[in-house]
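First the structure, in the form of structure tokens, and then the observations on it.
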Amino acid sequence: MEAHSSEVFVIGLTVFFLACIIGYYVVWSVTPALHSPLMGVTNAISSVIIVGAILAAGPIGHDISKFFGIIGVVLASINIFGGFIVTYRMLSMFKKKPKKEKKD
Amino acid sequence: MSANMVAVLYLLSALLFIFALRGLSHPESSRLGNIFGIVGMVIAIITTLMFKSVLSYTEIGAAILIGGAIGTFIALRIEMTALPQLVAAFHSLVGIAAVFVAAAAFYDPASFGIGNFDSIGTSSLVEMSIGTFIGAITFSGSILAFGKLQGTVSGKPIVFKFQHTINALILLFIVALIVMFVINQSPTIFWSIVIVSIILGFLVVIPIGGADMPVVVSMLNSYSGWAACGIGFTLSNNLLIITGALVGASGAILSYIMSKGMNRSIISVVLGGFGGEQAASATSDNSDKIVKQGNAEDAAYIMKNADSVIIVPGYGMAVAQAQHALREMGEILKKEGINVRYAIHPVAGRMPGHMNVLLAEANVPYEEVLELDEINHDFPMTEVSFVIGANDVTNPAAKTDEASPIYGMPILDVEKSQTVLFIKRSMATGYSGVDNELFYRDNTTMLFGDAKKMCEDIVKSLA
């Protein structure tokens with residue numbers, strides 16, 4: 001089985017360019033005030049490479065590739081949790097403040 | 001689970017990621033967007049765990065718990081002023097994780113369905129090595145960026161002879177290594193690519209200094225996306241390709257916006273060395289000019305009697321942690337019936353949107369925080385501009401002095417307001433090394449001192 005034929009590559013390339021175009025329009029629609037949370041969220045979702053790390057860590061056994069996979073899972077998890085939580089913290093500061101008199 | 005089912009779930013996850021970014025178009029929809037992102041990630045992980053080949057749940061579960069605990073701990077503890085370095089540190093993790101996944105795919109290609117050790121298809125090898133290369137550069141570049149932002153490494157640009165030639169030669173060397181790797185699939189060469197790319201990552205960030213950091217952080221953000229893309233191509237995984245492309249595009253656009261905010265090409269930022277040498281030359285001719293000095297009481301008096309005040313924060317506000325004291329000052333002025341607004345320059349701070357987050361942290365309503373194009377035409381009708389921790393982004397030389405290194409940079413027209421109050425620790429130049437003629441204008445009053453202390457004193461005088 002040639003799982004990585006040129007056909008697979010071309011499909012990947014198609015997906016890639018379409019995704020770039022979607023990314024282009026979606027990111028330009030982000031308000032500049034939220035550019036920091038944007039970095040937080042993109043950081044979290046780029047850790048979706050955890051998918052590859054899980055596949056590597058999946059098989060029973062103790063080979064080197066599994067070891068790399070486990071490390072990959074740990075590193076990506078730091079990012080996923082860290083990225084989403086720090087974004088959550090940032091965004092909760094942007095909540096609409098009730099228009100009340102501040103007591104000083 | 002069938003292959004089609006997996007593909008559909010991955011697609012769902014990718015769509016949720018797109019909605020996560022889309023949500024950020026407005027503060028009110030952004031929190032829902034973040035939840036979409038989390039759900040998308042959970043779907044992606046669970047789907048992958050259902051693969052027949054994935055059996056070692058204990059180890060994977062433990063790995064997620066350990067990583068998750070570390071990530072949660074850091075994210076909950078971090079100060080908002082330290083966000084730029086946190087983001088840089090996170091980028092480095094994405095980079096190194098990409099390297100580990102590529103290494104795993106190299107040593108056990110069967111698990112990923114891309115052949116067997118020693119007989120991996122050529123296209124997989126190319127994609128794998130490109131993913132590794134970008135991942136490793138992201139890793140070391142981000143570590144150095146982290147060091148510079150944290151202050152462990154000097155933030156000054158470090159320039160040396162033949163820098164760009166050396167980088168170009170190293171890049172060529174990496175290309176040669178990749179070609180060799182594709183031919184003989186040797187582990188030694190694989191790790192050589194990793195090591196040489198790590199060295200290149202350091203060298204690329206070394207010449208880039210402090211205030212160019214927003215561009216660097218955005219660029220590394222972009223790289224981390226392209227690294228994920230490279231891994232996606234290696235594993236023929238559309239979810240990784242889509243997500244990587246989204247992140248890559250996002251970082252690239254942010255880099256573009258940031259360099260435009262400084263009127264410089266991305267190339268010139270990447271080549272680096274800005275602001276290092278000019279520092280000495282620019283100050284001389286202003287030494288005999290008169291600077292009007294004021295204190296907190298003067299500032300309080302001037303602002304109290306104004307109708308409108310625009311506050312211009314910069315990186316200095318973050319360093320002094322002055323955002324809370326500043327907000328308190330703004331609140332008091334508003335209670336006096338004064339129109340108080342905040343003007344944010346695109347490159348204020350050390351990462352895109354840095355000032356907005358700090359002001360939000362201090363409970364400044366986001367409606368009062370405006371971008372350069374939204375507020376710049378209001379300065380002529382404004383009585384007081386209050387500049388706190390910003391410098392170069394207010395320098396009129398950017399419009400008038402063609403010889404100035406910052407010529408052409410869009411600036412906030414604070415000099416057009418009736419009075420400019422300028423908080424500064426000393427008369428030192430800004431990051432660009434250019435003297436700010438604004439200091440010597442008749443309508444400028446300099447307030448020398450720590451930004452936070454000054455705001456607190458003004459608050460006391462206002463009360």
If you place +1 on the Cβ of every Lys and Arg and -1 on the Cβ of every Asp and Glu, how big does the dipole about the Cα centre of segment B:50-209 come out, in debye to the nearest 20? 460
Under a 1.4 angstrom probe, counting protein chains only, how are B:L254, B:L235 ranked by accessible area, largest first? B:L235, B:L254
Show me the chymotrypsin sites (Phe, Trp or Tyr not before Pro) within segment B:158-235 that DSSP assigns to loop and that have at most 16 other Cβ atoms within 10 Å of their Cβ. B:F160, B:F162
How much accessible surface does B:C229 have with a 1.4 Å probe, in Å² rounded to 10? 10
Qualifying lysines (Cα of each under 18 Å from Cα of A:K96; at least 8 residues distant if same chain): B:K334
Would you mind working out the accessible area per residue for chain B, using a 1.4 Å probe, and quoting it in Å²? 38
Suppose we flag trypsin sites (Lys or Arg not before Pro) only when DSSP calls them loop and at most 13 other Cβ atoms lie within 10 Å. Which is the longest uninterrupted stretch of chain A? A:1-95
Using alpha-carbon positions, what is the distance between the centroids of segment B:211-261 and segment B:308-367, in Å? 29
Entries of B:K292/B:K399; B:K156/B:K289; B:K148/B:K304; B:K156/B:K452; B:K416/B:K452 with Cα pairs more than 32 Å apart: B:K148/B:K304
With a 1.4 Å probe and all protein chains in place, put B:Y342, B:Y301 in order of accessible area, largest first. B:Y301, B:Y342
Given N residues in segment B:1-97, what is Rg(Cα) / (2.2 N^0.38 Å)? 1.27
On C-alpha positions alone, give me the angle between the axis of helix B:187-205 and the longest principal axis of chain B, in degrees, nearest 10. 10
Express the carbon and sulfur contribution to the solvent-accessible surface of segment B:64-197 as a percent, rounded to the nearest whole number, probe 1.4 angstrom. 74
Scattering profile of chain B from the Debye formula, Cα beads only, expressed as log10 I(q)/I(0) at q = 0.06, 0.09, 0.11, 0.14 Å⁻¹, is -0.32, -0.68, -0.93, -1.30
Projected convex hull area of the protein assembly as shown, Cα atoms, direction-averaged, in nm², equals 25.6
Rounded to 0.05, the calculated FRET efficiency for the beta carbons of B:M427 and A:K95 at R₀ = 41 Å is 0.55
Mind pulling the angle between the C-alpha long axis of helix B:163-184 and the longest principal axis of chain B? Nearest 10 degrees, somewhere in 0 to 90. 20
Restricting to aspartates and glutamates and to Cα separations under 14 Å from B:K453, and discarding same-chain partners fewer than 8 apart, the set is B:E297, B:E328
Do you know the relative contact order of chain B, to the nearest whole percent, from alpha carbon pairs under 8 angstrom that are 6+ apart? 14
List the pair-distance distribution P(r) of segment B:310-365, using every Cα-Cα distance, as the percent of pairs falling in each 10 Å bin from 0 up to the bin containing the longest distance, rounded to whole percents. 25, 57, 17, 1
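Computed on protein heavy atoms with a 1.4 Å probe, what is the summed buried accessible area for the chain pair B and A, in Å² to the nearest 100?
On the way: alone 21710 and 8930 Å², together 22170 Å².
The summed interface area works out to 8500 Å².
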When the convex hull of its Cα atoms is projected in every direction, mean area for segment A:1-97 (nm²): 8.8
The helix B:3-22 Cα axis meets the longest alpha-carbon principal axis of chain B at an angle in degrees, between 0 and 90 and rounded to 10, of 10
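The values are calculated or read from the model by the stated rules, or taken from the named source; none is laboratory data. Everything quoted here is computed from the prediction, not taken from an experiment. Methodologically, a virtual Cβ is constructed for each residue, glycine included, from the backbone with ideal geometry; neighbour enumeration extends over all protein chains shown. What goes into the accessible areas is simple: the full protein's heavy atoms, side chains included, and nothing from ligands, DNA or RNA. Shrake-Rupley method; radii C 1.70, N 1.55, O 1.52, S 1.80 Å.
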